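Below is one structure, written out as structure tokens; the observations come after it.
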Amino acid sequence: MTFDVVTFGSATIDIFVETERERGLTLHTSEGEENLIAYPTGEKLLIKEPHIDVGGGGTNTATAFHRLGLNTGYCGCLGRDEHAENILHWLSHEGIPFLGTRTSASTNMSVVLDSTRLSDRTILAYKGSSDELEFDEIDREALYATWWYFPSLVGKSYRTMLRLMRYARENNIAVAFNPSIYQAQHGFDALREPLTLSQVVVMNKEEAEALVGTSDSREELCRRLRQNGCEIVLITDGSRGATVLYANTLYSARPREDNKVVETTGAGDCFASSFVAGLIKGLSCEQSLRLALINAESLISQMGPKNGLLDFETAMRLVSEDSREVVKNNI
């Protein structure tokens, strides 16, 4: 089987926790203000309504691609525990083949804490099996696809990612890469190989600045990344919008101001994978950017990292109706 896209990265069980007793605090330090969530000590706090989802960058992006009509597989490393079985059941129900490996390490899980501000969830993340993906244990022939998509990977899985990216270059598989702030903080030289092996690089403004220096301008950050060998660059900046450098044109757009925000977990995964899905589908760069904005806006209007994801027909109808301005500048 040839896939349109195979995603790599983590698969987690996400447990969303909401109580009535959290408090927002601002801590003033010599380095500035830090917003905190506080809970009283020595008490048993009642949870309003627990909400459990399958999350993680690998399955989040696989689901977005799949629902947008692409033949999608997922390759990651799962444990041999109940969490892994729940993830495998969910993938099977969704229709996404599992192409990865298993290990004795526990499967990833996260606890997502509520906040006094909806957009500022705090996540307690356990990284277990997702760091244990071994190159030699992967059936690479089963992974053949037009595109491979890599969210952030660390540990053994990062070394495996590098070998997979080299394999992709040798076998004419296009690559999209979404590094994390933990990786970006090591600087551009530390990530030079995966960045330059990728056809599309997606990151937020903080990650881009960690790689190529601070700037008030997303457009300038895109230029600096291009100068360092990145081909197509997409930089997101939350409610301030996103900018793409594609060929010799910069495209910038903002989210709708009236968009309802319920919960933002997985929004970055949704945005990045929806943009890449547009390119795979043959859409223009502007249409792909609109698709990413619209799908992410739908996602954050519901609880969980996947529940608001759109199918391709619905998304493209909304793209055709979308009247927001997309600013274009040649470089």
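Among Cys77, Cys285, what is the fewest-to-most ranking by other Cβ atoms within 10 Å?
So the residues, fewest neighbours to most, are Cys285, Cys77.
Can you find, among Phe65, Val233, Ile96, the residue farthest towards the positive end of the dipole of the chain? Put +1 on the C-beta of Lys and Arg, -1 on that of Asp and Glu.
Ranked along the dipole, the leading option is Val233.
Where the centroid of each part is defined by its Cα atoms, how far is segment 59-100 from segment 178-198 in Å?
Comparing the Cα centres of segment 59-100 and segment 178-198, I get a distance of 26 Å.
Using a Gaussian network model on the chain with a 10 Å cutoff between Cα atoms, which of Leu195, Leu99, Leu293 fluctuates the most?
Maximum among the listed residues: Leu99.
Please give the residues of segment 67-84, grouped as numeric ranges, whose backbone N is less than 19 Å from a label point set 7 Å along the Cα-to-Cβ vector of Gln302.
Backbone N within reach: 67-70.
With a/c under 1.5 counting as rounded, go ahead and sort segment 223-295 into rounded, prolate or oblate using the C-alpha gyration tensor (a ≥ b ≥ c being the square roots of the eigenvalues; past the cut-off, prolate if a/b is larger than b/c, else oblate).
Prolate.
Under 14 Å from the Cα of Lys48, which aspartates and glutamates turn up, not counting those fewer than eight places away in the same chain?
Cα-Cα hits under 14 Å: Glu18, Glu20, Glu22, Asp114.
Quick one: order Val175, Val262 by neighbouring beta-carbon count within 10 Å, fewest to most.
So the ranking, lowest neighbour count to highest, is Val262, Val175.
Which entry is the computed Cα Rg over 2.2 N^0.38 Å for this structure: (i) 1.54; (ii) 0.93; (iii) 0.98?
(iii)
Taking 41 Å as R0, compute the FRET efficiency from the Cβ-Cβ separation of Leu46 and Asn329 and round it to 0.05.
Between Leu46 and Asn329 the formula returns 0.20.
Divide by every residue of the chain the summed helix terms, -39500 (n - 2.57) for each DSSP H run of at least 4, and state the resulting mean residue ellipticity at 222 nm, rounded to the nearest 500 deg cm²/dmol. Kindly include the intermediate steps, with their values, before the conclusion.
Details: 10 runs with 109 residues, N = 331.
Computed ellipticity for the chain at 222 nm equals -10000 deg cm²/dmol.
Once you've got the GNM for the chain with C-alpha springs shorter than 10 Å, pick whichever of Gly266, Gly32, Gly187 has the biggest mean-square fluctuation.
Gly32
Taking 0.36 nm per intervening residue step and subtracting the Cα-Cα distance, what contour gain separates Asp322 from Glu257 on full extension?
The span from Asp322 to Glu257 would gain 22.1 nm if fully extended.
Hey, which lysines would be in cross-link range of Lys281, C-alpha to C-alpha under 25 Å, not counting anything within fewer than 8 residues on its own chain?
Qualifying lysines at Cα under 25 Å: Lys306, Lys328.
Determine, for Cys270, Cys230, the number of other Cβ atoms within 10 Å of each Cβ, and report the residues in order from fewest to most.
Listed from fewest to most nearby Cβ atoms, that is Cys230, Cys270.
Gap in Å between the Cα centre of segment 261-299 and the Cα centre of segment 219-254?
Going from one Cα centre to the other spans 15 Å.
Determine the gain in length on full extension of the stretch Arg166-Asp311; use 0.36 nm per residue of separation and subtract their C-alpha separation, reporting nm with one decimal.
Length gained between Arg166 and Asp311: 49.0 nm.
What is the chain's relative contact order, in percent, from Cα pairs under 8 angstrom and six or more apart in sequence?
16
Values quoted throughout were computed directly from the atomic coordinates according to the rules given, and no laboratory measurement underlies them. All of these numbers come straight from a predicted model, not from anything done at the bench. Positions of Cβ are generated from backbone atoms using ideal geometry, with glycine treated the same way; all protein chains shown enter the neighbour counts.
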